[in-house]
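Note sheet for the following structure.
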Amino acid sequence: MRLSSVIVSLVSLAATSLATPIERATLPTTLNLPFNFTYLFTATLEIGKPSNPIQIAGGTLLNEPVVAGTITGPAVNGTIQGGFAHPSVYNTTMQVPGIDLYGVTNDNSSFYIHEAGVGLTYEQVTRIELYIGESRYSELSNGFILATVNPISNRTIAYVEGYLVQNTRGQVS
């Protein structure tokens with residue numbers, strides 16, 4: 001069988017699979033996942049007045065200053081001193097959110113957060129890169145931080161809930 005035939009077959013199979021919605025009743029009620037989710041924090045972002053939109057290929061880039069905020073939770077607490085949100089909007093609905101923040105923890109450690117993801121305005125899922133200069137926060141770099149971004153309707157405040165995703169299966173021998 002030629003490679004092009006295999007590729008066409010795989011594309012046809014994938015298209016058929018994607019065209020058929022999965023019924024919730026057919027999904028298992030419990031999953032034996034190789035990782036766990038641990039709640040880390042909720043960040044509250046105060047969003048300032050956005051600048052004029054910038055036209056980009058296929059959409060618009062928005063720049064919204066983050067003028068203040070807080071981070072509270074079992075893993076880290078602190079004050080967001082500033083930053084900006086810069087979502088890209090395509091076809092007026094699909095967004096590629098980006099957020100960059102800086103601040104200080106309650107124990108005076110500086111931090112920087114870079115967040116990127118995908119999703120509609122009120123259904124965004126992101127990955128966070130969190131940099132804190134203290135070893136007591138090293139556990140936060142032992143996996144991925146996934147988050148939801150939930151702006152309120154007038155987009156002056158957004159809530160970000162962060163979860164650490166870690167491998168629970170350990171080393172395979």
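Okay, here's what the table says:
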| read-out | value |
| --- | --- |
| Filter result for Val96 (over 9 Å from the mean Cα position of the chain (by Cα), surrounded by 16 or more Cβ atoms within 10 Å (Cβ to Cβ), farther than 21 Å from Ile80 by Cα and of a type outside the set (S, T, N, Q)) | yes |
| Residues within segment 74-87 that are over 17 Å from the mean Cα position of the chain (by Cα) and not polar (S, T, N, Q), tallied | 6 |
| Qualifying residue in segment 82-90 (condition: in a strand (DSSP E or B), surrounded by 10 or more Cβ atoms within 10 Å (Cβ to Cβ) and modelled with pLDDT of 95 or more) | yes |
| Matching option when the condition is at pLDDT 85 or above and farther than 18 Å from Val67 by Cβ, among Ser135, Ser141, Ser109 | Ser109 |
| Qualifying residue in segment 120-132 (condition: at pLDDT below 85, within 25 Å of Ser88 (Cα to Cα) and either part of a strand (DSSP E or B) or aliphatic (A, V, I, L, M) (or both)) | yes |
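A quick yes/no check of all residues on (1) on the phi > 0 side of the Ramachandran plot; (2) assigned to a loop (DSSP other than H, G, I, E, B); (3) in contact with a Gly (Cβ under 9 Å, 6 or more places away or on another chain):
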| position | (1), (2), (3) |
| --- | --- |
| Asp107 | no, yes, yes |
| Tyr112 | no, no, yes |
| Val118 | no, no, no |
| Arg136 | no, no, no |
| Glu139 | no, no, no |
| Val149 | no, no, yes |
| Arg155 | yes, yes, no |
| Arg169 | no, yes, no |
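The values are calculated or read from the model by the stated rules, or taken from the named source; none is laboratory data. Source: prediction; values computed, not measured. Neighbour counts are summed over all protein chains in view; Cβ atoms, including those assigned to glycine, are modelled from backbone coordinates with ideal geometry.
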